[in-house]
Every structure is written in C-alpha cells, then in structure tokens.
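Working notes for the structure below.
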Amino acid sequence: MMGDNLISINRKNSEKMLNAQNSIATGLKHRMPREGPVEVSHTIAYKRALFELGQYEKNIDDGLSRINMAEGALTSGTEILQRIRELGVQGANGIYTAGDRAKIATEIDELLRELVTIANTKFKGKALFGGTDTLEDPFRVKTAFSKAAGRDVIDTVEYYGDLGKQKREIAQGDTLAVNVPGNELFWAENSSLFSSVDARNYVVSADSKVLINGVPVVFKAGDNIEMIVNRINNAPVPVRASVNRMNGGIILETSSARDIWVQDVEGSSVMQDIGVVSGPNPPKNLSPTARFFGGTLFDMVIRLRDSLYMNDSEDTGSRALGGMDLAIENILKYRTDLGAKSSRLQIVKSRITQDKTSIEDILSKNEDVDITEAVTKLKMLEVAHRAALGVTARVIQPTLLDFLR
Amino acid sequence: MISTFTGIEMGKKSLIAHQAAINVTGHNVSNAETEGYSRQMVTFQFFDPLYIPGLTRENTPGQIGQGVQVEKIMRARDMLLEDRILAEKNGLEYWKSMSGWVYQAELVHNEPSDNSIMSVLDKFWSSWQELANNPEEMGARESVREYGWALSRHLNHNFKSLKSIRNNIEKTVEARVVEINSLARQIAKLNARILRSESAGDNPNDLWDRRDLLIEKLAGYANIHIGRNDQDEFLVYIGGKHLVQGSHYEQLTLLKNPDNEGYSDILWETDGSRLDLRSGELKALLDARDIELKNQIDAVDTFAVNLMDMVNSVHREGFGLNLRTGLNFFKEKPATVNAVGDYDFNRDGFTDGTALFRITGSTVLKPNDVIGLNGTITLNKGITVAYGESDTLSEVLTRVNNSNADVKMYVNDDGHLVVKSDNPGMHITHLEDSGDLLAGYTGVLKASGAVGAFDFGQTGMATRVSGNYLVMPDLHPSSWIALDDHVANEVESIAASSGIDTDGDGIKDLSNGAGSGENALKIAGVRFQKAMIGKSETADEFYQALIAGTGLRGATAESENKNRSLVVENLENLRKSISGVNIDEELVNLVKFQHGYAAAARFISKVDEMLDLLINRML
C-alpha cells in the first residue's frame, strides 16, 4: 500500500514537472483552452485586435503612398502651370510679334501634353485620377490640324473617368477617400447647365431617384419643377438648382470648380424629361440641347494657347490668364486637401502603433510565461520529486524477509 | 474416563488446524498483488470439551479440552466502505471520460495557435481589405480566393474531426454495452455458485472477491445500486430496474435513433424501455455524444451558415472585374426541394412545410427611428413580443432577441431588417404580427394578422413573405461549405466593386468601375456586423465564445476528475489498509503457525513416548 501511494505521488509529480517544462519550452502559459478558458479567449481577442490594427496600418500605408504619389504629380503639375502662366504673361506683352506668340503657343502646347501625362499618372499601373474607373487613361486627347501653328495641336482633352471615391478603412467603420477624381482636380471653372426644355408644366409621374455628382436625390410622384429644385438644393450636393425665368428650363450650377454629373437611376427618367441629360449614364450624357458652361484646366491652357496663336494679346492678358489663375488655384486647393489627409493618416498611424504596443504588452502578460517564476517552480518540483524518490527507495528496502533465515 | 488416545487425537486436530492456517497464509502471500483480493483470516476455535451432563458423567474435576479446530476462514472486507467506493467510482468515471472527450474537442479547435479557424478568419477579412485597396489586382483577388478556400477547408476539417469524435464515442458506447452485458452474465453465474456454497455453510471468499471486482467495474460504467439484504438473491439495479437478480440477469441492447443522426439509444432488451442513466462512464459517453459534441457541431454549423449567408448577401450586390454580378462567394446548398422552400419535414416522401433560414425585409430603415406602431409579434412556441408607438425599432429587436424565441433579428448595413433562424434546425418556425411592423414597416411579411402569418408547417408559405429569403441550407453546412464555382474558377468574378441600379428593377446593373473596392470593404465589414448569432453579436465573437465555453467545460471536467480521483484514491487506501495483504504480517503469522505446528507435533511425539512406555516397557 505504501508502495502504491508512492507510485501515485511520483506519477503526479512527474505530470506537474512535465507541465512546467512544457510551459518553459513553449513560453506559453496555456496550451489548451482548459488550462485558462478566460485567458485563452482574451488571447484570441487580443490577437484579433492586433491583426486588425496591422491591417489598418497596411491600409493607411497604401493610402499614404497614393496620396504621396498624387502630391508629387500635383507639384510638377503646378510647376508646369506656373511656367505656362509666365509664358502667357510674356505673350500678353505688346512688344512681341505674331511669330513670337506662335512660338510661345507651341511651347505651351508641348507643356499641355506634359500636363495630360500628369493627369493620367499611374499608381501600380492603375490610373490615379480616374475616380474608380482606373483601368484606362481618364483624360483622352483629340488633336486637330491648326493652321496658325502649322501642325497638329491638342484640340480637346476630355474626361472619361468617373466620380468614384477610393476608400480606405483606417479604423473600424471609419473610411477615408484617398483619391480625388480628375473631374474635380483638373477643373478650373464653376460649371453651369441651362436646359432648353420648358419644365413649368412638368410633373414627376412616379417616385424616382437620380444621382447628382454621385449624391442620391429622391423625387416623389407629383413633384413639380419647384419641388425638384427644392429637393436638389436641400440634398448635400455641390450643385445649386434654379428655374430659368426666360424659358422655364432648369439651371444647374456648381458651387466650386467641378464638373456636373447627372445620372438617372433605378428607372428614373426625370432628368431626361426636363432636358438635362440625353442618356442614362455619364460621362458625356448631358443633353445636346442644353447649354453647358465651365472649363477644365486643359480648356484654360488651350484657350491661352489659342489666343496666342490668334495673336490676341488683349484676350491673352485678361480672360485667358484669368482662367490660368483659376486652374492654379483649384490645384492648390486640392494639394492642401491631400496634405491634410496625409497628416491625418500619419496621426492615425502613430496612434495605431501605440495601440499595437500596448496590446502586445497585455497579450504578453496574458499568455507568456514568467520564466523566472516558471524555472523556480520547476526547481521546487524537482526537489520534491527527488525527495519522494529517495523516500521510496528507503521505504521499500527492509522487510521481515531480510531477517528470516 | 478419558480415552488413552485422546492426546494423539488432540494433537492431530492441532496439526490440521495449523496446517490450514499456514495454507491460508500461503494463499494470502500468493495473492498479495492480485486485483480485488481481500486478505483472509483463519479463526481458530477450541473443540467442545468432553462433557456430557448426566448420571454417567465422569466424576473428574473440571473439563478436559479436546483441542482446536478451524471455525471459519473469513475475508477482511468492510462492506460499507465498499458501497462508498462504488458510489464515488461512478462519479469519477463520468468526469474522467467527459474530460477526455472535451479534451479531444479542444484539440480540434487548436486554440491558442496560429493555425486555427480564428487565425484563418483574421486573414480572410484582411484579404478583403487588401482587395479593397487594390480592386484591380489579380494578386489581391487570388489571396481572397485562397483564404476563402482555406477558411472553408478549416470548417470542413473541424466538422469532420468533431464528427469522428462523435463516431468514436458511439463505438465506445457499443463496446461498453457489450461489456455490461457480459458483466451481468458473469455476476449472475457467480451468484449461483456463491449461493450453493453459502447454503452448504461455506465462506466462498474468493468468489465474493471476484464478484466485488466485477461490481466495481460495473459501477464505473453506470449508476448501479446493490441489494445485499436478501440472503438468497443478490441484486444489482441500474436506474431502478434490476440488471442481475440472483442467477437471473437482464441484457441491454442498442437501437439506432433516426432522430439523432443514427446514433444509438441504450434500451433494456426485455421491454425496450430506455436505460435510465445518472452517472458513470456510459452517461458521460451519452452526454458527450449528444450534448457536448452535438453542440460543438451545431455551433460550427451555425457559424458556417451565418458566415456564408452574410458574405454572400453582400457579394451578390457587387461587381467583379469581369462585370459579373449577383454571384455567391460561398456555395449555397439548399435542403429544400424547390426555390420557394418546400420541405419534407416528416420524411414521408411528400413536402409538408416551408423551410426558410433567413428573410430580409424590403424597406430601408433606421434602427433608432421611433416606429409609431402598435401590435404584437408572435414567434415560435407562442412567444409574443409587444411593441408600442413610442418604441424605437432597435428596442423592439432587442426584446425579440432576448425572448428565447428561435429567431434573431437585426438591421444590416444597408438598413434592411434581417430575420433569421437561430436554432440548430436552421429554419424559421413562426412569424406573425398583429400590427404593421413586420408587414408594412419593415417589409418582411406581406400582410399582418393570422392571415398573413408565416408558419413552417404548411407548404407554399414563402408567398406570404415580402422580402427576399434564403431557404434552409442542407444538413451540416460546415461539412460542405466551399467556394462558389464561379469564384473558384475565375477570380475576376470576386465582387470587389459596388454598383448602382439604373433601370429600377431592384437589381444593381452598373458597376462603379474596376477601381471601386467599396463592395470588398463592405464584405470586410461583415466581421463587425452585429448579426446576433446565438448570444454573441458578431460571428467572430460567436466563435470565440465557443472556444471559451469548450475550455471552461474542459476545465470543470478536469478539476472534477482530479478531485474525485483523490477521494477514490483515499477510499481505496482505506480499503487496502483493511483488505490488503501485508507481507510482514503474513510472515509473522507464518512463523506463529509454524511454531504451533511444531509444538503440536512435539506434543504427539510426547504422547507417543508415554504410550510406548505404557505398552512396551511395562511387561
């Protein structure tokens, strides 16, 4: 019986020692959920949090590199615009001849090509300024022969991207757009659209939804033109609507330099009915009967170039250079905007780094073995085990048999 | 007058008695290490003295003894202690077995480690974020597909492992029933032999020991009760019915239960009634098989089906790089015979009900708006939830989710109300609303009141549902969850981009462009969707709770096991101190009896000398 007891005590000791050795070897307090159900479930949660933060960090890094790339492109874009402006100022000077102006204009045309290349900048092979339409060049160029220049020059630069925002999740449920679509960035003038369709007797026939610059606006059945204007003005869109007193057509005007994008969705035909658009989906769906004003940055450069070709120094000095100022101003606005986004991302990133450190600390406290403690414990178990074995050896030896002949 | 040979006769008795005592000592020493053996002791008694009261009584002083005899050979055993050991033993075996099975389940979950479902899940959600960052890139798409594949493989694997543990338990149950039957047979046979020798006045010590050993084994398997009161009939009961009654015994049998996936019930062979188990290893086996492991599998299934449905619901709304839309990310495998959820519940070959897993309302809502409606929602088992004008939608939903009904409701990221089954059967049983909350306000049902109620007990009930729905998935979603074929074959089909509906048919038909990762971001957000799975809010939390619960039950089983084995160990030590053979003691006895034997022999030779003198020398 004594022997059996010693066996069971020795077995228990060995088991404890094995556990102690395992935790020293793996460095983990718990190897199975049963060894600490609550701690293990905390470990899972902390690890998950670390993983999430790591992902947010990656998202931020991706966003930052896009923004840096965009900032770089805009910096060189601004330099070129400044150069074009200087050339424009030079060309407005009365002492130059028509030939001189044509040379300046030709240089501006070359710089314009460079500007278009910048507007089509790629990030990892994908267009940076095309909204979410990233597979193709957002700005497409049409050239035409110019008599004044005596060669092919850029005739139009048109935007084929979209308004899409590329969002990055930087904290749970918190997203930040890390791109600026080209039809906001490379725009110079406020846009306005005058419909030629008299809408004074128009009534919306069924509940309809339209997207104006990407923001949904809902019209109810029975809305008249006043209600339509009201609903547009009450929605968070960067477009103001009003009714033209001359012909009863609707007028849409942007409040800052950007394009007007109108899209009839979910089967709506309201915008088509009141002569704003001719087809359902942008780009290039604005109604041909409506009059559209507003120009891109490229339009401004082209206007300056053409006024130089036409040797119209007065126009160059006033309207064309004014357009350049608008273009530069708009680019600068978005450079500031991107800079602010970049610094916000940096702040969030450094907060994430801090959070990660503190979670790693808690995680380590939760799951890592305190080696000093574990080794001391193992040593104590070893001593106890030795003692038990010694006693076993001693107890088993003497029996009466030893003394009987 | 005393006989001349009285002395020799007396010496002979003494020789015989001591020889018997030495033999018993030898038996004890031989069986010192035999399991279940109890030390035996010889009781000596003096032989009745020659003394016959009567007229012919010898007129001698005193009585002259007639020597010694062996009265009986007893075993040293404390039957009260024995009963306590039996009682503790079946508790011990219950927890020992339970601890082992839960341990195996813990091994399946493989937590905490870097190769568990949770870690794959982390990578899965992250891969969607990466895709949102680079929606045009094939690499990001490949990674979503790989982690989607790995996640489904992990779920398949966990299901398989848990299922095989369940199958192993079933096999153990079969083996234990065979063993119990054999034990019952052996005990009954022993009873017959014991009764025979008892009625002859013997002490069948070794047979008793053997029976006690068998009973102890039996006590480990089931909660037995022993009846020792009747001398003629030794009784063993399990749960109030006798397994052994003297030499008569009953047998147990197994019957496969189709309602329990073909796992067996344990029945009495004679009348087919169910064996009433309270503890012991057999009870642990049934609990582990039908509660612990079943719940584990149900939980993995619930996790799989919710994950599948939530990811698919968002995925269908998005657009792939190849402009395909409306595709599932995970394969869906309905259990129902048709797309409107008709199902054959009673397995008679004809559809008899409607099985829907989830219904999503058609209207867009804000959870914190005041609903301004009055009414009562009736759910399964007649559970009712009343709502009033001043309640907000989220207040009503909290009430529904806390009502113990088998459905859970939440508002998804798009603002639609989702009603889904939260029972292992994976179908909604009853939905009824006396007011307009479920019908008009949230667009789940077409009409309010009993006429518009959804009930699973009739076919064609899907026509009463107004929103879109998912029919009941096939049994054990975790066993078949896999990537949808389109996604598996063509990563361009992974719907990273969002889109819009241009023609008003409720289906998005125009992609927002290849650079839009909005839908991928929404899928990555599914992990935070408060989708109310079981008692947890999100899918991740649900799985985490499963691990913690398993660990807690494992820890309980292990500590119970340790405590009880300590108690049993102590009791067994106590028994050993009573019944165990101590070699030293036996040797002392041996020396004692040997001396007694030698003394008796010396006595006989002295009497012989006396007779020799008397017979041969007196001539």
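The distance linking the range B:68-105 with the range A:101-127 is 94 Å (Cα centroid to Cα centroid, whole angstrom).
Rounded to the nearest 10 degrees, the inclination of helix B:138-199 to the longest alpha-carbon principal axis of chain B is 30 degrees. Within the shell of other residues whose beta carbon sits under 13 angstrom from the beta carbon of B:ARG211, the net charge comes to +2, with Lys and Arg scored +1 and Asp and Glu -1. Among A:LYS377, A:LYS220, the ranking by other beta carbons within 10 Å of each residue's beta carbon, starting with the fewest, stands as A:LYS220, A:LYS377.
Find the relative contact order for the range A:190-293 and round it to a whole percent, using C-alpha pairs within less than 8 Å whose residues are 6+ positions apart.
Numbers: 241 pairs, mean separation 36.3, N = 104.
Relative contact order comes out at 35 percent.
For the range B:239-253 and the range A:181-236, compute the distance between their C-alpha centroids and round to whole Å. Taking the Cα centre of the range A:181-236 as reference, the centre of the range B:239-253 is 88 Å away. Comparing B:LEU243, A:LEU401, A:SER205 along the charge dipole axis of the protein assembly as shown, the residue lying farthest to the positive side is A:LEU401, per the Cβ-charge model. Panel order for B:LYS508, B:LYS123, A:LYS284, by other beta carbons found within 10 Å of each beta carbon, from fewest to most: A:LYS284, B:LYS123, B:LYS508. Could you give me D for the range B:264-361, from Stokes-Einstein at 10 °C and 1.306 mPa s, where the hydrodynamic radius is the Kirkwood radius over C-alpha pairs? Units µm² s⁻¹, please. Taking Rh from Cα pairs, D becomes 89 µm²/s.
The mean sequence separation of alpha-carbon pairs under 8 Å and at least six residues apart, normalised by the residue count of the range B:281-332, gives a relative contact order of 26 percent.
The angle between the Cα long axis of helix B:6-30 and the main principal axis of chain B comes to about 20°, on a 0 to 90 degree scale. Within the shell of other residues whose beta carbon sits under 13 angstrom from the beta carbon of B:ASN368, the net charge comes to -2, with Lys and Arg scored +1 and Asp and Glu -1. Note on A:LYS16: lysines with a C-alpha under 20 Å away, same-chain residues under 8 apart excluded, are A:LYS29, A:LYS377, A:LYS379, B:LYS96, B:LYS562. Neighbours of B:ASP309 by Cβ distance under 11 Å: Lys/Arg scored +1, Asp/Glu scored -1, total +2.
Listed by chain and number, the lysines whose C-alpha is less than 26 Å from the C-alpha of B:LYS381, apart from same-chain residues fewer than 8 away, are B:LYS294, B:LYS408, B:LYS420, B:LYS446, B:LYS530, B:LYS535. Across the alpha-carbon set of the range A:190-293, the Rg to Rh ratio works out to 0.91, Rh being the Kirkwood radius.
Which value, in debye to the nearest 20, gives the size of the charge dipole of chain B about its Cα centre, when Lys and Arg are +1 and Asp and Glu are -1 at the Cβ?
Details: 61 positive and 87 negative charges, 504 e Å.
Charge dipole, chain B, about its Cα centre: 2420 debye, nearest 20.
Note on chain A: Kirkwood radius taken over Cα pairs, Stokes-Einstein applied at 10 °C and 1.306 mPa s, translational D equal to 58 µm² s⁻¹.
Viscosity 0.890 mPa s, temperature 25 °C: Stokes-Einstein D of the protein assembly as shown from its Kirkwood Cα radius, in µm² per second? Can you show the working numbers first?
On the way: Rh = 37.4 Å.
Estimated diffusion coefficient is 66 µm²/s.
Per-residue 3J(HN,Hα) values for the range B:31-46, derived from phi via the Karplus relation 6.51 cos²θ - 1.76 cosθ + 1.60 with θ = phi - 60°, read 9, 3, 9, 7, 5, x, 7, 10, 4, 10, 10, 9, 9, 7, 9, 5 Hz in sequence order (x marks Gly and Pro).
Shape call for the range B:374-443 from the C-alpha gyration tensor, a ≥ b ≥ c root eigenvalues: rounded (a/c under 1.5), prolate (a/b greater than b/c) or oblate?
oblate
Hydrophobic long helices, here whole DSSP H runs in chain A with Kyte-Doolittle means of at least -1.0 and Cα atoms spread over 20 Å or more along the helix axis, are found at A:2-26, A:37-92, A:98-119, A:321-367, A:371-396. Note on B:513-522: average number of Cβ atoms from other chains within 10 Å of each residue's Cβ is 6. Under 5 Å between amide hydrogens, built in the peptide plane, is the criterion, and for B:LYS331 it picks out B:ALA482, B:LEU483, B:ASP484 among residues at least 5 positions away or on other chains.
Applying the Karplus relation 6.51 cos²θ - 1.76 cosθ + 1.60 with θ = phi - 60° to the range A:195-209 yields 3J(HN,Hα) values of 7, 9, 8, 6, 9, 4, 9, 7, 10, 5, 7, 9, 3, 9, 10 Hz, where x marks Gly and Pro. Exposure proxy shown here: for A:MET310, A:MET246, B:MET409, B:MET10, the number of other Cβ atoms within 10 Å sets the order, fewest to most, as A:MET246, A:MET310, B:MET10, B:MET409.
Laboratory data are not the source of any read-out in this text; all were calculated from the coordinates shown. Treat the numbers as computed from the prediction; the structure is a model and nothing was measured. Positions of Cβ are backbone-derived with ideal geometry, glycine not excepted, and every protein chain shown enters the neighbour counts.
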